[in-house]
Every structure is written in C-alpha cells, then in structure tokens.
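Enquirer: This is the structure, below, for whatever I ask next.
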C-alpha cells in the first residue's frame, strides 16, 4: 500500500497549473490566483492527514470514504485555511469543495448530495447554503464569471489524481475531457516514468516527484496502529518526467 497526503496531491495539481501553457487550451487571468487556489484547494486535509483514521474493517479512510460529518469538517477547515487569501483563491476553493457535492457542476452528473439523507443531508445542505452565499458575494465583488477558472482547477485536480491514485506500473492510458476553451481532450500515456500528454498543454518538459509512504500492511486493527505504520513506514518518491 502507498499512502499520499492529500496536500501533496494538491501541490502536484498546482505544479500542473504552474506549467500550463496557453496554446490549444485556455489560460484565463488572473492566472497566478488560479495557481494559488489549485495549490491550496485541499489544505483542509492537512490536520486530518496528521492523525488519520480507519474504518471498522481496518481499512484507512480516504477522501472518498470518509464519513460525511468528518468530511464536512475537513471542507470547512479548507475554507478557513484560505480566508486570508485574495478573493479569487477563496472563491475557487469554495467552489471546488461545494462542487464535490454537486457533481462538479456538470450537467446531468450524479450529485453526491442527492444520495444523502437524515443528518448527513441536513449538514451538507447547511454547508452548501453557507458557501453559496459566500460565492455570490465574491462573484459580485469580482464581477467576472469564475466558471472557466473553476473548470481548469478541476482539470488539474484530475490530472494529479491520475498519478496519485494508481501505482506507477499500473497507470493505463487515459484522457481528460472538458478542458475549457477547447474541444480537444488531453490524452496521457505513461511508460517507465515518462508521461506523454497529447496535445501538450505545458510550456515545456519538467519533472515531478510525489512524496509517499510505503506500507507493508493493508489492514490495521486500529487508527493508532495505522498512524504508527505511517510514522515508521518507508519514505518513497514516485518520480515522473513530463515529455
């Protein structure tokens, strides 16, 4: 098992944003704010990753399986973490976190919130209402449609997840659809640590390494045991070269 901190996934997303080149795809201003928001979009997980937990079967929770009340706590912390930043960063991080409940605002997409009920639904609805109000205020302040910027953050998020959620040897060719400003999907192929993107959305070649912990045990009898395994596990880096 390989464990990767959520914040390290976000930093990789930000690296993709930093190298993004205005060519076949869109690069809307203010670009430095898009990069910053992409870097910071998962800062709410930093505290949780310092003391992660496991479920009753001994499997570690992740950003998909963490129970809704705990996940909402992480998301709320993610908003608080960027409140001292510029309005663009706050808006895009807020949109990212609410979008995770709303099918990333894709027409016809399955929405996580629609499958919730009881206290989970009540808590999610409250979070969405509060953040919707915040987003409306910030949109009015900025006077610009933020959706292209948000869509690009989702592209960088998905690019990073592709490399973070699968062992390097098992990375199969894939494509990223719905890139703002173009009908062209981004195809990705990885061979022996070399990642090829077509058409290339980047300004040139670069390298990146994902810090991770290699764990020999897949199930843990307690959250404490999992944390101890993380503390003593082998530190590794998953290294890639972007062609």
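The values are calculated or read from the model by the stated rules, or taken from the named source; none is laboratory data. Note that the coordinates shown come from a computational prediction; the quantities given were computed from them, not determined experimentally. Here the Cβ positions follow ideal geometry from the backbone for every residue, glycine too, while neighbour counts run over all protein chains shown.
Enquirer: Has the range 17-36 got at least one residue that is assigned to a helix (DSSP H, G or I) and more than 20 Å from residue 153 (Cα to Cα)?
Expert: Scanning the range 17-36 turns up no residue that is assigned to a helix (DSSP H, G or I) and more than 20 Å from residue 153 (Cα to Cα).
Enquirer: Among the residues in the range 162-171, are any free of Cβ contacts under 8 Å to residues at least 12 places away in the same chain and either in contact with a helix residue (DSSP H, G or I) (Cβ under 6 Å, 6 or more places away or on another chain) or surrounded by 12 or more Cβ atoms within 10 Å (Cβ to Cβ) (or both)?
Expert: Looking through the range 162-171, at least one residue is free of Cβ contacts under 8 Å to residues at least 12 places away in the same chain and either in contact with a helix residue (DSSP H, G or I) (Cβ under 6 Å, 6 or more places away or on another chain) or surrounded by 12 or more Cβ atoms within 10 Å (Cβ to Cβ) (or both).
Enquirer: Scanning the range 234-243 for residues that are surrounded by 11 or more Cβ atoms within 10 Å (Cβ to Cβ) and modelled with pLDDT of 95 or more, which turns out nearest to residue 52 (Cα to Cα)?
Expert: Residue satisfying both the conditions and the ranking: 236.
Enquirer: Still on this model: Search the range 47-72 for residues that are free of Cβ contacts under 8 Å to residues at least 40 places away in the same chain and pair each with any residue that is surrounded by 18 or more Cβ atoms within 10 Å (Cβ to Cβ) and assigned to a strand (DSSP E or B) when their beta-carbon atoms are under 8 Å apart and the residues are at least 6 apart or on different chains.
Expert: 61/54
Enquirer: Next up: Sort out which residues of the range 65-109 are farther than 30 Å from residue 30 by Cβ, outside any helix (DSSP H, G or I) and at pLDDT 95 or above, and write them in order of number.
Expert: Within the range 65-109, 65, 66, 67 meet the criteria.
Enquirer: May I ask you to say which residue of 226, 220 is in contact (Cβ under 8 Å) with a residue 24 or more places away in the chain, in a loop (DSSP other than H, G, I, E, B) and closer than 19 Å to residue 50 by Cβ?
Expert: Criteria check complete, one pass: 220.
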